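Quick notes on the structure that follows.
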Amino acid sequence: MTFKTKTIFTLLALAGAAAMAADRDLTVVSWGGAYQDGQKEVFFKPFNAAGTKLLDEAWDGGLGVLRTKIKGGNNTWDVVQVEADELEVGCDEGLYEKLDVAKIGGAARYLPGTVHACGVGAIIYNLVL
């Protein structure tokens, strides 16, 4: 039995979105379904209750979608959950903003290996092969 551990990363800001976000609601993009329903209860509703409106959208992943939104100047997404490979390639291409880790509590607050220049691991799971 082989275990393959994967990490899903949450991008804290897409390139160009941070400045625009100040003038509109924060938009978080996740995987949809029961997973996102759980996020709504645990994260999104309390965030809204604190006084900042948070919108959520679902997507199926893929760098093509992100490239089109960013390069087309039509980006309305602020926080997006992506797979580790999408994080790496998108960061190299400049699709995401670099994180100031000190502003999110410092790398020591997160599991080893989950902090990246452009995102922080949000989900860790295993697949049995």
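The values are calculated or read from the model by the stated rules, or taken from the named source; none is laboratory data. Remember, it's a predicted structure, so these values are computed and weren't measured experimentally. Cβ atoms come from the backbone with ideal geometry, glycine included; neighbour counts cover every protein chain shown.
Name, by its number, the condition in (1) at pLDDT 95 or above; (2) over 24 Å from N126 (Cα atoms); (3) under 15 Å from the mean Cα position of the chain (by Cα) that does not hold for A58. So A58 meets the others, but not (2). For the range 22-52: of the residues being in contact with a Leu (Cβ under 7 Å, 6 or more places away or on another chain) and in a loop (DSSP other than H, G, I, E, B), which is modelled with the lowest pLDDT? This residue is T52.
Residue by residue, here is whether (1) in contact with a strand residue (DSSP E or B) (Cβ under 9 Å, 6 or more places away or on another chain); (2) farther than 16 Å from W31 by Cα; (3) surrounded by fewer than 14 Cβ atoms within 10 Å (Cβ to Cβ) holds:
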{"site": "A50", "(1), (2), (3)": "no, yes, yes"}
{"site": "T76", "(1), (2), (3)": "yes, yes, no"}
{"site": "V80", "(1), (2), (3)": "yes, no, no"}
{"site": "L99", "(1), (2), (3)": "yes, yes, no"}
{"site": "K103", "(1), (2), (3)": "no, yes, yes"}
{"site": "P112", "(1), (2), (3)": "no, yes, yes"}
{"site": "G119", "(1), (2), (3)": "yes, yes, no"}
{"site": "Y125", "(1), (2), (3)": "yes, no, yes"}
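Residues in the range 82-97 that are touching a Gly at 6+ places or on another chain (Cβ under 7 Å) and surrounded by 18 or more Cβ atoms within 10 Å (Cβ to Cβ): V82, E86, L87, Y96.
G113 is checked against (1) farther than 22 Å from F44 by Cα; (2) within 15 Å of the chain's Cα centre (by Cα) and fails just one. What number does that condition carry? Against the list (1) farther than 22 Å from F44 by Cα; (2) within 15 Å of the chain's Cα centre (by Cα), G113 comes up short only on (2). Scanning the range 79-117 for residues that are under 22 Å from A58 (Cβ atoms) and polar (S, T, N, Q) returns a single hit, Q81.
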